[in-house]
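This report refers to the structure that appears directly beneath it.
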Amino acid sequence: MGLMRETWRGMTSRGAAGALLFAATSALTSPSPVYGGTRYDGLWSVVVYTSSGPCDPSYRFSGQIANGEISYAYGSLEVTGRVEANGATSVRVTAGAAHGEAHGHMTTTRGSGTWSGDGPDGHCAGTWIATRPSPI
């Protein structure tokens with residue numbers, strides 16, 4: 001939770017749309033208890049790439065999925081998402097007037113997809129890749 005808060009504060013308005021996706025995927029860092037659990041639950045490493053728009057070129061971070069859910073709220077930032085049983089992944093992010101979405105597919109070891117978002121400086125879009133860290 002602290003990582004998410006500090007990362008969001010450090011983002012510039014130049015990368016607002018990209019920051020939305022970053023926030024969405026960073027929401028994975030807010031662990032919650034696993035009751036039923038899914039095969040996607042656990043720690044993940046995510047890289048987000050911007051292919052168009054005024055956003056930063058890339059973001060890298062670690063995160064966690066719990067019960068197949070991606071959920072986070074802090075101030076005006078709200079992140080909701082889910083990894084379905086078949087691996088279909090969707091995330092929606094809002095922060096004031098800014099908003100973004102990410103969609104893709106995950107397996108038990110990796111995932112990938114696309115994202116897009118609109119913020120004060122315009123529209124950004126790109127791709128994301130997720131991998132599970134190797135066990136020690």
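Numbers at a glance
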{"item": "Pairs where the first residue, in segment 110-133, is more than 17 Å from residue 55 (Cα to Cα) and the second is in a loop (DSSP other than H, G, I, E, B), C-beta under 8 Å, 6+ apart", "result": "110/132; 111/87; 131/109; 132/108; 132/109"}
{"item": "Selection status of residue 123, modelled with pLDDT of 95 or more and within 12 Å of the chain's Cα centre (by Cα)", "result": "no"}
{"item": "Positions within segment 52-66 being under 14 Å from the mean Cα position of the chain (by Cα), buried (at least 17 other Cβ atoms within 10 Å of the Cβ), closer than 13 Å to residue 128 by Cβ and not aromatic (Phe, Trp, Tyr), in sequence order", "result": "63"}
{"item": "Entirely in segment 67-136, the strands (runs of 3 or more DSSP E) that have 3 or more residues that are buried (at least 19 other Cβ atoms within 10 Å of the Cβ) and either of a type in the set (Phe, Trp, Tyr) or touching a Cys at 6+ places or on another chain (Cβ under 9 Å) (or both)", "result": "110-119, 122-131"}
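Here's the yes/no breakdown for (1) of a type in the set (Val, Ile, Thr); (2) touching a Ser or Thr at 6+ places or on another chain (Cβ under 7 Å):
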| site | (1), (2) |
| --- | --- |
| 79 | yes, yes |
| 89 | yes, no |
| 100 | no, yes |
| 107 | yes, no |
| 119 | no, no |
| 122 | no, no |
| 127 | yes, yes |
| 132 | no, yes |
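For (1) modelled with pLDDT of 90 or more; (2) in contact with an Asp or Glu (Cβ under 9 Å, 6 or more places away or on another chain), each residue gets a yes or a no:
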{"residue": "45", "(1), (2)": "no, no"}
{"residue": "49", "(1), (2)": "yes, no"}
{"residue": "82", "(1), (2)": "yes, yes"}
{"residue": "116", "(1), (2)": "yes, yes"}
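The values are calculated or read from the model by the stated rules, or taken from the named source; none is laboratory data. Keep in mind that what you see is a predicted model, and the values were worked out from it rather than measured. Cβ sites come from the backbone with ideal geometry, for glycine too, and all protein chains shown count toward neighbours.
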